[in-house]
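A.B. asks: Take a look at this one; I'll ask things after.
The values are calculated or read from the model by the stated rules, or taken from the named source; none is laboratory data. Just so it is clear, the structure is predicted and the values come from calculations on it, not from any experiment. All Cβ positions, glycine included, derive from the backbone under ideal geometry; neighbour counts span all protein chains shown.
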Amino acid sequence: MKFNLLVNWKLKTSFLTIALLIGLSSLQAQTVTVKGNVTGDGMPLPGVGILVKGTAKGASTDFDGNYEVKAKSTDVLVFSYIGFAAQEIKIGGRTTINVVLKSDVAALEEVVVVGYGTQRKKEVTGAVVKVKSEDLQKTTTSDIGTALQGQIAGVNVASSSGAPGEEANILIRGFSSLMDGQSGPLYVVDGIPFDSDPQLSISEIESIDVLKDAASASIYGTRGAGGVILITTKQGKVGQMKISVESEYGIQRITSDFDQMSKEEYTYLHMLRGAINTDKPQGGVESDITRNASYFTNNTNIGDVLLNDNAPIQNHRINITGGKEGLTYNFNANYFQQEGSFYNSDYKRFNVRANTMFVKGKWKIKTALTFKRDDQLKPWTGMMNRIYEYQAFKPAINLDDNVLENISEISTDDPTNDWKLNEARSLANSLRTIKTTDERAGNSHAGNISLDFDVNDDLRLTGRFGIQYDDKKWVKKIPRYDIYNTEGDLITNPANITSQTITDITSQKFTSEVFANYNKTFGLHTINALVMTSFEESKQERYSLEVRNNLNPAITVLDNYELLWDIESGGYDFTKTLIGNLARIQYNYDGKYLLSASARYDGSSQFGKDNRWGLFPSVSVGWNVSDETFWEPVKDVINSLKIRASYGTTGNDRFNPYSNQSVVEPGVDYVFGSNSASDDLNNAGSETGALGTIQQEFANADLKWETNIEQNIGFDLGLFKNKLTFSADFYKNEKEDLLYQIVNPPSTGVSGSYRSTVFNVGNMENKGMELGFNYRHKVNKDFRWSIAGTFTKNENEVTKTAENNPIIYLDNGYLSTKGSKEIVTVITEGYEAAAYFLRETAGVIKTEEQLIAYQNIDPSAKMGELMYVDQLTEDTDGDGIADAGNGAIDDGDRIYQGSGSPDFETGINISANYKDFDFSMQWYGSFGAEIMNGSKAYAYQAGVHKDLFYSWTEHNQNSDIPWYDGNGTRSYRGASDYFLENGDFVRLRNVSLGYTLPKTSSEKLGLSKLRIYIQAQNLLTITDYTGFDPEVGGNGLSTRGIDQGRYPISSQVKAGIQLQF
């Protein structure tokens, strides 16, 4: 009996224990939802990765550092964030876990993309800088370059035009080439190279890493001479789907104005001019105003007509991201529209990007599909000059009306008909220029795929393939005009006064890269080795058709034109191929001693067979001094110090394709003998025509690479728990065998587009320094702020030019006055590229003594004209030193007068957060550049600038403004320092104020985040420049600093809202 009871008791106890264990197991395996907040250095940390250890499940924190993740109550959560030590925390059945991450000096802030891989910033040995998406999004722009201005030391960004849709010019460490537009960087988007701005929307971008030194950029070989901009787009993250929507709307306006004379001032000046020139009242001739009585009633400011005040700008974007184990996605769409601040200008762009990543076992597959549509309406470049020359007494123009009435009363018996007809034509030309349209539409499709296969823990194989297809159509219309007399008769011949040009451009590009990456750690030694081979092929076709005197400008289909119209067509096609091979090794000993070496071997179809291949090696070293034991006494204050040094080479093959091959053109027939009676009885003795060809362009089979050789030394410093970081770089790069198109003399027989031949013409040097700092500080739990600054100084010098061509005048580097052009920028040894060489002025001729003395140089000189200095160019005593002028004013009197490149630049970025409010402000300064004020020169020649009202006369003999005689005065020559001005400026680039609704309030609205903000761009500019805008980037080289009537930058004020679901 007792035995049975004991057995029963043991069985019951066993069953009870098993049941309890099963219950506990069930409890431990229960799925819970864990919420919390992650902070670091007293600030919320957005984007912290939270991973359920041992799984692919996870989440990330939002803007305020909040997170939510589902896991088992027994799981361990791993929290990781760049610059902070990772933490593992057991859930232990809790549903709320708040985490404070500690700064990790070893992590040293961030992971940097270095091309074909990433490195911790601590391990980087080159000059590489990262800009994050939140910094880029402070500026609303269609252009990546504009968003980077002032944010990176050594990266010069200058606007080429304020017109909507125009790209800024980017120079990394100065000019890298003498070819216009070829000094820009190489862009690489998720590993796929682009030769020009890929025109992504800012909302697509996760981060931008800029490779500034040649050692870092040399892995891109032939295309790295101008630096490299690596763009990483946003990728999906494991977790619940998140939808972010942002919308902003604003207005723009031009903040400067043109000093145009009023009707009364113009009338006085021109009557006075006539009296002085002819010694008779009113000049003995009728002025423009007295010839046409209706002009007395006008007082037109054409700028007010053409300016589009409060032009709208809008930007809307949506981002959808999420994923689960093994599959993540990120979808981004953006619509940007900017109406121009001047008539007939507008830009619209729609971008879509879909990124996915699939992970399965040893495979990782990333794909990207993109589409872009843009529509740009460009004003004709001559429109700005119409503002400068349109006199106030002329009739106002209604831009909505195509008829300009009563401009002159032209009748059949009026003796002033000739003048009135010319005046009517002038006004019609002005209206035609304003009404000219240049519409540019384009579609861009791109896709790429990246395949990673982990052979083992150390070796990864990668294949990356991309394809891009662009299709553009440009339609430019110059409208016709007709002039009728008072009787209603047509009195002009419309021939050759209208044209329409249609251009179709298609481009396609294929890129493939295959590489192997080996990474192995042996004790304190870490080695990373990379070998890669790549192939890239680009094709482009362009066809253009111009139709003059088109009777029906509404027709835009090429095959609908009639033969009677004047038609001219042209076009080209080319194919460029690039093959590259790369080997790189990176060595790291205990995180203290760093070494990186690479060699890239490229072949380009741009060169002949003897110079097709180029080798571009590099080496760089680094020493983390702060990791040494002797640093321990100061490490609490100076947390990190790294010294870097590098040497590298890069190349440049950017110039017109087929320059190493001659162009032979058929259809150039010639006469060969004469016909005999036996050949053709009816044409006996006539000349015989034979089919012929002619060489139209000379080739240079000896073309070779432009080569950039650069040395760099720098250091990175972190103080006070890395709250204050500082970096400095000092560099010198020498550019050899620079390519440039030399114009052949007319005696060669070539002309037009064939008149130039590309040569390696000389060498150039850039040297400079770059400084940057960042400080962040938490005052208390509610208030934190940060400030970052940059300083850049670059000195450029042409160190060698060809012996037979010691000075090169840059064709595009001219200053245009009304009716004339003079080149003002040159390339010559001993000076910076695109230096100004100008005639030096010596003031206005104010006295008879000055006039008599100056007439020894210029016998036709008159009172009130400018005097030019006859420079010392003659050696009269044979000592080899010039001691006298040549007695004439000519090109030999031009002297160096600076350039359009700044001596140094600065940038300041300030941000602050107080509770739910955020504030940011960005300043940019440029100092030492000179500007040629072409707008002022044009207005002087046209006789409409307000200065001329105060010009020299015998009654105003103290004036320093030269007299306007109305006959294309020599006082207003373009190539003189009279129109040279100081180009220094400081600009408030961006200021914004935002408010984020508390999370408890936003959740009641069904949102995880709601932020509203106001933002202003280019709100304030401090400058002495008298033109519209001191930021004159031109085409990057020859026109840099030359204000040729450029479209000015506008000031913008916007309001926006951000929603997150």
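A.B. asks: If you check Asn886 against the conditions, is it surrounded by fewer than 18 Cβ atoms within 10 Å (Cβ to Cβ), on the phi < 0 side of the Ramachandran plot, of a type in the set (S, T, N, Q) and touching a residue at least 24 places away in the same chain (Cβ under 8 Å)? Show your work before the answer.
C.D. replies: Values: surrounded by fewer than 18 Cβ atoms within 10 Å (Cβ to Cβ): yes; on the phi < 0 side of the Ramachandran plot: yes; of a type in the set (S, T, N, Q): yes; touching a residue at least 24 places away in the same chain (Cβ under 8 Å): no.
Spelling it out, it is not the case that Asn886 is surrounded by fewer than 18 Cβ atoms within 10 Å (Cβ to Cβ), on the phi < 0 side of the Ramachandran plot, of a type in the set (S, T, N, Q) and touching a residue at least 24 places away in the same chain (Cβ under 8 Å).
A.B. asks: Additional query: Would you pick out the residues in segment 578-592 that are exposed (fewer than 15 other Cβ atoms within 10 Å of the Cβ) and in a strand (DSSP E or B)? Don't jump to the end; show me each part of the working.
C.D. replies: Residues of segment 578-592 that are exposed (fewer than 15 other Cβ atoms within 10 Å of the Cβ), as a first pass: 589-590.
Passing the criteria: only Tyr589.
A.B. asks: Mind listing whichever residues of segment 858-910 are modelled with pLDDT of 90 or more and polar (S, T, N, Q)?
C.D. replies: Gln871, Gln897, Ser899, Ser901, Thr906, Asn909
Conditions (1) more than 31 Å from the chain's Cα centre (by Cα); (2) farther than 30 Å from Trp785 by Cβ; (3) aliphatic (A, V, I, L, M), marked per residue:
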{"residue": "Leu851", "(1), (2), (3)": "yes, yes, yes"}
{"residue": "Tyr854", "(1), (2), (3)": "yes, yes, no"}
{"residue": "Asp879", "(1), (2), (3)": "yes, yes, no"}
{"residue": "Asn886", "(1), (2), (3)": "yes, yes, no"}
{"residue": "Asp891", "(1), (2), (3)": "yes, yes, no"}
{"residue": "Gly898", "(1), (2), (3)": "no, yes, no"}
{"residue": "Ile931", "(1), (2), (3)": "no, yes, yes"}
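A.B. asks: Among the listed residues Val986, Val944, identify the single one that is farther than 26 Å from Val869 by Cα, surrounded by 23 or more Cβ atoms within 10 Å (Cβ to Cβ) and either more than 24 Å from the chain's Cα centre (by Cα) or at pLDDT 95 or above (or both).
C.D. replies: Matching residue, one of Val986, Val944: Val944.
A.B. asks: Regarding Thr33, is this residue modelled with pLDDT of 75 or more, on the phi < 0 side of the Ramachandran plot and surrounded by fewer than 18 Cβ atoms within 10 Å (Cβ to Cβ)?
C.D. replies: On the way: modelled with pLDDT of 75 or more: yes; on the phi < 0 side of the Ramachandran plot: yes; surrounded by fewer than 18 Cβ atoms within 10 Å (Cβ to Cβ): yes.
Here the answer is yes, as Thr33 does meet what is asked.
A.B. asks: A further question follows. Within the set of pairs 6+ apart or on separate chains, which have a first residue in segment 940-967 that is under 18 Å from Asn385 (Cβ atoms), a second that is modelled with pLDDT under 90 and assigned to a strand (DSSP E or B), and C-beta atoms under 7 Å apart?
C.D. replies: Filtered contacts from segment 940-967: Gln941/Thr817; Val944/Gln260; Lys946/Gln260.
A.B. asks: Right, here's the next one. Just to verify a result, which residue in segment 525-551, among those that are touching a strand residue (DSSP E or B) at 6+ places or on another chain (Cβ under 6 Å) and outside any strand (DSSP E or B), is modelled with the lowest pLDDT?
C.D. replies: Applying the filter and picking the extreme gives Asn550.
A.B. asks: Where residues in segment 130-145 are buried (at least 22 other Cβ atoms within 10 Å of the Cβ) and not in a loop (DSSP other than H, G, I, E, B), which of them is farthest from the chain's Cα centre (by Cα)?
C.D. replies: The extreme case among them is Ile144.
A.B. asks: Hey, another quick one. When Ala842 is evaluated against the numbered criteria (1) without any contact (Cβ under 8 Å) to a residue 60 or more places away in the chain; (2) under 30 Å from Asn956 (Cα atoms); (3) buried (at least 16 other Cβ atoms within 10 Å of the Cβ), which criterion, by number, is the only one it fails?
C.D. replies: Tallying (1) without any contact (Cβ under 8 Å) to a residue 60 or more places away in the chain; (2) under 30 Å from Asn956 (Cα atoms); (3) buried (at least 16 other Cβ atoms within 10 Å of the Cβ), Ala842 fails exactly one: (3).
A.B. asks: Gly943 - would you say it is on the phi > 0 side of the Ramachandran plot and in contact with a Pro (Cβ under 9 Å, 6 or more places away or on another chain)? Steps first, answer last, please.
C.D. replies: On the way: on the phi > 0 side of the Ramachandran plot: yes; in contact with a Pro (Cβ under 9 Å, 6 or more places away or on another chain): no.
Criteria not met by Gly943.
A.B. asks: Kindly provide the set of residues from segment 996-1027 that are assigned to a loop (DSSP other than H, G, I, E, B) and touching a helix residue (DSSP H, G or I) at 6+ places or on another chain (Cβ under 7 Å), ordered by number.
C.D. replies: Ser1008, Thr1026, Gly1027
A.B. asks: With the requirement that a residue be more than 24 Å from Lys509 (Cβ to Cβ), buried (at least 18 other Cβ atoms within 10 Å of the Cβ) and touching a Gly at 6+ places or on another chain (Cβ under 9 Å), what does segment 434-469 give you?
C.D. replies: Once the filter is applied, which keeps residues that are more than 24 Å from Lys509 (Cβ to Cβ), buried (at least 18 other Cβ atoms within 10 Å of the Cβ) and touching a Gly at 6+ places or on another chain (Cβ under 9 Å), segment 434-469 yields only Thr436.
A.B. asks: May I ask you to list pairs of residues, at least six apart or on different chains, whose Cβ atoms are under 8 Å apart, with the first in segment 264-282 being within 24 Å of Lys394 (Cβ to Cβ) and aromatic (Phe, Trp, Tyr) and the second being buried (at least 16 other Cβ atoms within 10 Å of the Cβ) and at pLDDT below 70?
C.D. replies: Pairs that qualify, where the first residue is within 24 Å of Lys394 (Cβ to Cβ) and aromatic (Phe, Trp, Tyr) and the partner is buried (at least 16 other Cβ atoms within 10 Å of the Cβ) and at pLDDT below 70, are Tyr266/Ile289.
A.B. asks: Checking the conditions here, which among Asp960, Asp918, Asp877 is among the acidic types (Asp, Glu) and assigned to a strand (DSSP E or B)? Outline the logic, then answer.
C.D. replies: Working: Asp960 fails: assigned to a strand (DSSP E or B); Asp877 fails: assigned to a strand (DSSP E or B).
Answer to the check: Asp918.
A.B. asks: Is it the case that some residue within segment 1016-1038 is aliphatic (A, V, I, L, M), over 14 Å from Ala929 (Cα atoms), buried (at least 24 other Cβ atoms within 10 Å of the Cβ) and within 20 Å of the chain's Cα centre (by Cα)?
C.D. replies: No - not one qualifying residue is present in segment 1016-1038.
A.B. asks: With surrounded by fewer than 21 Cβ atoms within 10 Å (Cβ to Cβ) and either modelled with pLDDT of 95 or more or among the small types (Gly, Ala, Ser) (or both) as the only criterion, which of Gly340, Gly326 stands out?
C.D. replies: Gly326 is the lone residue from the list that is surrounded by fewer than 21 Cβ atoms within 10 Å (Cβ to Cβ) and either modelled with pLDDT of 95 or more or among the small types (Gly, Ala, Ser) (or both).
A.B. asks: Run Phe296 past the list (1) modelled with pLDDT under 90; (2) under 35 Å from the mean Cα position of the chain (by Cα) and report the number of the one that doesn't hold.
C.D. replies: Exception for Phe296: condition (2).
A.B. asks: So, one more: Pick from Asn780, Asn766, Asn744, Asn760: which is free of Cβ contacts under 8 Å to residues at least 12 places away in the same chain and on the phi < 0 side of the Ramachandran plot?
C.D. replies: Values: Asn766 fails: free of Cβ contacts under 8 Å to residues at least 12 places away in the same chain; Asn744 fails: free of Cβ contacts under 8 Å to residues at least 12 places away in the same chain; Asn760 fails: free of Cβ contacts under 8 Å to residues at least 12 places away in the same chain.
The unique qualifying residue is Asn780.
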